[in-house]
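One structure below.
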Amino acid sequence: MHLLLVAAWHFFVVLGEVPSFVMPTPVDTVKALFAGDYRWGENLLTTAGEIFGGYALAVVIGIGSALIFSWSRLTEEVVMPLLVSLNMIPKVALGPLIIVWFSYGFLPNTVIAFSIAYFPIVLTTARGLREVEPELIDLVRSIRGSRWQIFTKIQFPGALPYIFSGMKVAAVLAVAGAIVGEFLGSERGLGYLMLQVQVTLDTAAMFMAVILITMIGVVLYGLVLALERAMVVRDARVS
């Protein structure tokens, strides 16, 4: 399927006599990896670090926040509407403020990726923790089970489908967040590189940057899917 898409791309450009500055051929796109001083390795690692770093923070803090909400209904009723309101703010609008607070570079881009990926995780995890059958929780409490035991033995396993649903959505959003941050202000990264080559109409380099960004997103999403299969299947076998 992928080969067919590449072939269709090539023949569309060649037979349609599309100018190279509008759309390069696949061959020209690959050549961009070896032409010019684009520091592909450094920019790729920078963007990947921002995406994975922001995503990891979103997973840890998102699940932790949902756990606190499940333990305190009052906290959820007070904090959740605030989180919903903050999520309504376009992250592009928050970008300049984040840059003012954290300066340019790796950290603010990671923060933007985190801010976009956080909400889907906390929302779906909180819902999953609430969907657990109350009879099971009452049973564990009747045998003097602690809150931590209720979470690890009952709530967390039951909420796994919800958690991974949010994690998969967040994986896509984290990629977008990091690139938005690099567009707003950065000195490294694939998004920054795209802005630089745009000036010279080096479309082949822009296409290659997009492909590399996509590959990072595919790897992250694949890791989430693999973790989901491992944990959900294992939990099903234990049950």
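Each value in this text was obtained by applying a stated rule to the coordinates, not by laboratory testing. Keep in mind the model is a prediction, meaning the values are calculated, not measured. Because the Cβ atoms are built from the backbone with ideal geometry, glycine has one as well, and the counts that use them run over all protein chains shown.
Rank-order 190-203, 74-87, 108-121 by packing density, defined as the average count of other C-beta atoms within 10 Å over each peptide's residues, highest first.
Ranked from most to least packed, the peptides come out as 108-121, 190-203, 74-87.
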For G105, enumerate residues with amide H under 5 Å from its amide H, sequence gap 5+ or separate chain, H modeled in the peptide plane. E187
Would you be so kind as to identify which of G217, G189, L67 lies farthest towards the positive end of the dipole of the stretch 31-238, taking Lys and Arg as +1 and Asp and Glu as -1 on Cβ and the Cα centre as origin? L67
